[in-house]
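No lab work stands behind these numbers, since they all come straight from the coordinates. This one's a predicted model, so the numbers in the text were calculated from it and none came from an experiment. Cβ sites come from the backbone with ideal geometry, for glycine too, and all protein chains shown count toward neighbours.
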Amino acid sequence: MLTFDNVSVRQQDTLILENISFTINQGEVAAIHCGVTSREILFALLTDSYANYSGTIDTANRTLSVFSIRDGLYDRLTVEEYLRFTHTLYESTESLDAILQTVQLTPYRNKRLNRLNLSLVRRVQYAALLLHNRDIYVLEEPDQNVDQETRHLFATVLLQLKQQQKAILLLTSNMESALFVTSTVYRIDHRHLRLLDVDPDEPDTNEDVTPEVIHVRFEKIPTKVNEKIVLLDPPEIDYIESRDGQSILHSQSEQFPSVFTMNELEARLTPYGFFRCHRSYIVNLQRVREVITYTKNSFSLVLDDAAKTTIPLSKTKMAELKTMIGLK
């Protein structure tokens, strides 16, 4: 079991993580979606290479295996030589031939590691995870830049580890990667951690059933990622743009396609402080840092994100915005 209890991290005078709490039990797979800085800090905390924090990190005296995108291999060894070395080092009882088959490396077993492409190198690392036989696995961007076949093999490896009652934590800055392997996805948003509402798609039973209509006020915005439905809280959304007839939600450098039109989103989000600043844009006013005037008829909004995103503000909306924020 892996537990974080009210963990906070400061860098100089800046609070990076605040009161982070979660628990991953044996036989569970969870992912944390976060930016690069938060991901690196979390990984450092779990590998005891970051000591400046408050709160409690508890592994319940369980053994730990880590996967980092910076991990190197013994390039002069062949695939089989490297895995036999790992097999001996970790005193594994697993069948090496079976593991090679699991990650589809049998045809490459006599290839030197420095002759493999990135996807095949990742498969070697996935195979090594199956040999580690640890209780907790912490994986940093394990499927970054790999091909689709390797991604599916990674999911197979995770399933096998889960069936062996391992506790698995995935750290990633890619929401699609998180949702590809688990529906238990946390997100670090402005220093805080929260659990996302994720529902897998239900299969079509082809039954002629008339659904019961229940009228409720739904305060989340649904979007679909990798055959799963992600429900975003309005404050999580930075802005929305219309692109090729599709409404795209932007949230912390991630993009999510919406099933709603811009007009529908405007109606839903206006009560939460969103403003239709342009025919093709809706912005969360809580994210706006500056209003820039280029010419008498040209305006832009600058957001307070790391990229200082600039969004157009139409002339006709400028007067309306001034009224909203109390300017004359």
>> What do you get for trypsin sites (Lys or Arg not before Pro) in region 9-106 restricted to DSSP loop and a cutoff of at most 16 other Cβ within 10 Å of the site's Cβ?
In response: Arg62, Arg70, Arg76
> Looking at the chain, how many pairs of lysines come closer than 25 Å at the Cα, when each pair is eight or more places apart or spans two chains?
Replying inline: 12
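Would you work out if region 36-86 is rounded, prolate or oblate? Take a ≥ b ≥ c from the square roots of the eigenvalues of the alpha-carbon gyration tensor; rounded if a/c is under 1.5, else prolate when a/b is larger than b/c, oblate otherwise. Walk me through the numbers before you get to the answer.
Working: a/c = 4.16, a/b = 1.98, b/c = 2.11.
Verdict is oblate for region 36-86.
Which of the GluC sites (Glu not before Pro) found in region 231-308 are in a DSSP loop and have at most 10 neighbouring Cβ atoms, other than their own, within 10 Å?
Numbers: sites: Glu236, Glu241, Glu254, Glu264, Glu266, Glu290; in loops: none.
Sparse-neighbourhood loop GluC sites (Glu not before Pro): none present.
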>> Report for the chain the percent antiparallel among DSSP-assigned beta bridges with both residues inside it, nearest 5.
In response: 75
> Of the chain, which part is the longest with no chymotrypsin sites (Phe, Trp or Tyr not before Pro) in a loop (DSSP not H, G, I, E, B) and with at most 13 other C-beta atoms within 10 angstrom?
Replying inline: 75-217
> Relative to the longest principal axis of the chain, what angle (0 to 90°, nearest 10) does the C-alpha long axis of helix 118-132 take?
Replying inline: 60
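State whether region 2-195 is rounded, prolate or oblate according to the following rule on the C-alpha gyration tensor (a ≥ b ≥ c being the square roots of its eigenvalues): a/c under 1.5 gives rounded; otherwise a/b larger than b/c gives prolate, and the remaining case gives oblate. Can you show the working numbers first?
On the way: a/c = 1.92, a/b = 1.82, b/c = 1.06.
Prolate, since a/c reaches 1.5 and a/b exceeds b/c.
So if the hydrodynamic radius of the chain is defined as the Kirkwood radius over C-alpha pairs, what does Stokes-Einstein give as its diffusion coefficient at 37 °C and 0.692 mPa s, in µm² per second?
Details: Rh = 22.6 Å.
Rounded, D is 145 µm²/s.
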>> Taking the 0 to 90 degree range and rounding to the nearest ten, how far is the long axis of helix 79-89 tilted relative to the main principal axis of the chain, both from C-alpha atoms?
In response: 80
> Taking the Cα centre of each part, how many Å lie between region 108-174 and region 16-70?
Replying inline: 18
> Angle, helix 315-324 long axis vs. longest principal axis of the chain, Cα atoms, 0 to 90°, nearest 10?
Replying inline: 90
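For a footprinting-style exposure proxy, rank Asp233, Asp71 by other Cβ within 10 Å, fewest first.
The most exposed by this proxy come first: Asp71, Asp233.
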